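The values are calculated or read from the model by the stated rules, or taken from the named source; none is laboratory data. These numbers were taken from a predicted model, which means no experiment stands behind them. Positions of Cβ are generated from backbone atoms using ideal geometry, with glycine treated the same way; all protein chains shown enter the neighbour counts. Just so you know, the surface numbers come from the protein's heavy atoms only, side chains and all, with ligands and any DNA or RNA stripped out. Shrake-Rupley method; radii C 1.70, N 1.55, O 1.52, S 1.80 Å.
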Amino acid sequence: MSLPIHQTLPGLCLYRKISLLLRSLGALAMLLAVGIPTAASSKSLVVSWLPDTVAAGSPCLFRVDAAGSIGSLRGDWMGHQITFFSSSGHHAWYGLAGVDVEAKPGSYKLSLEATLANGAVVHKQQIIVVHIGHYKTEKLTVPEKFVQPDAETLRRIEDEKKIKDAAFSHEIAEPEWSGKFIPPIDTAVSEGFGTRRTFNGKLASVHRGLDYHAKPGSPIRAANSGEVVLARELFYEGNCIIIDHGQQFYTLYMHLSHLEVSEGDNVEKGQEIGLSGATGRATGPHLHTAVRWQGAYLDPAQLWLLPLPQLPSTGQSQANSR
Ligand SMILES: [Zn+2]
């Protein structure tokens, strides 16, 4: 912006010239006061994330490092709100989030709002590229006439949807997890996450979980610490457990033969929560496990690999700086 301080001001008395000059200098001072410190402050927030390549279905760990002390940090990511938490002296802040398996690839903005210890508010925006998720496609051919659930079953499915919605609206403000999530069983994967199933050439469903081979009666453990928000038999899921790990980050365990926890229980990472089975709509004995964050389904296999910080001790994340 050019200010008129170097222009000649014909036809004005000396007093008016000085007055205009002072007003111009005042405007310059205002610009310096408002514009430059804001730019410097947003630069003082350094954003990094894991995994390095974010794709549809990826869980993501966002890390924000600040030069000064931050009082609170919020983020906006693909229409979701993230409340960040700090684990070491309020300089490193973390947000566990993700990208839904059916999200479109493209460039998405992570918008941050930091409230500094001195009360000043700083904004920062970071573009993150979401790549296409490379998941398998399974072509199935079935008779055109699907067997429809009867009226009574449809009512049951509708009632169970409300029960699940209630479980997923459970709120825990702080993370309950600490460190890495672990696979609930040590067997081989029988079907990966994200497989697109087409029936008679039409996309019918996306596999929103990960299946493990599991002999009936195999012990199933909690992937991380949290609170059991659902533990009951459902039509499709069979005996099902949902654990809330805080901030609307859940893990799900389906088709169990036996439940060893109840709704409202607090569980520790690695704790046995039930035994595997083939209950509900399962083609055979296996464990279906799923990860859900604010309604988005994420790849459990990628979650097991994320080096998450220990809480509430000092943060040891290996997030790459950018
Ligand atoms: Zn499955």
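Annotations
- Members of LYS164/LYS269; LYS136/LYS162; LYS162/LYS215 lying beyond 29 Å, as alpha-carbon distances in this model show: LYS136/LYS162; LYS162/LYS215
- Carbon plus sulfur fraction of accessible area for region 45-131, probe 1.4 Å, in percent: 51
- Options HIS91, HIS80, ALA67, ranked by Cα towards positive dipole end of region 45-131, top entry (Cβ charges): ALA67
- Across every direction, the projection of the convex hull enclosing the Cα atoms of region 45-131 has a mean area of 5.1 nm².
- A 1.4 Å probe run over region 211-322, with the rest of the protein chains in place, finds 40 Å² accessible per residue.
- The simple Förster model, with R0 at 35 Å and r as the Cβ-Cβ distance, assigns GLU191 and THR83 a FRET efficiency of 0.55.
- Within straight-line cross-link reach of LYS139, lysines at Cα separation under 25 Å, skipping those fewer than 8 residues along the same chain: LYS104, LYS202
- Sequence-distant aspartates and glutamates (8 or more away, or on other chains) whose Cα lies within less than 13 Å of LYS124: ASP65, ASP76, GLU113
- Highest-first arrangement of 239-252, 125-138, 207-220, where packing means the average Cβ count within 10 Å: 239-252, 207-220, 125-138
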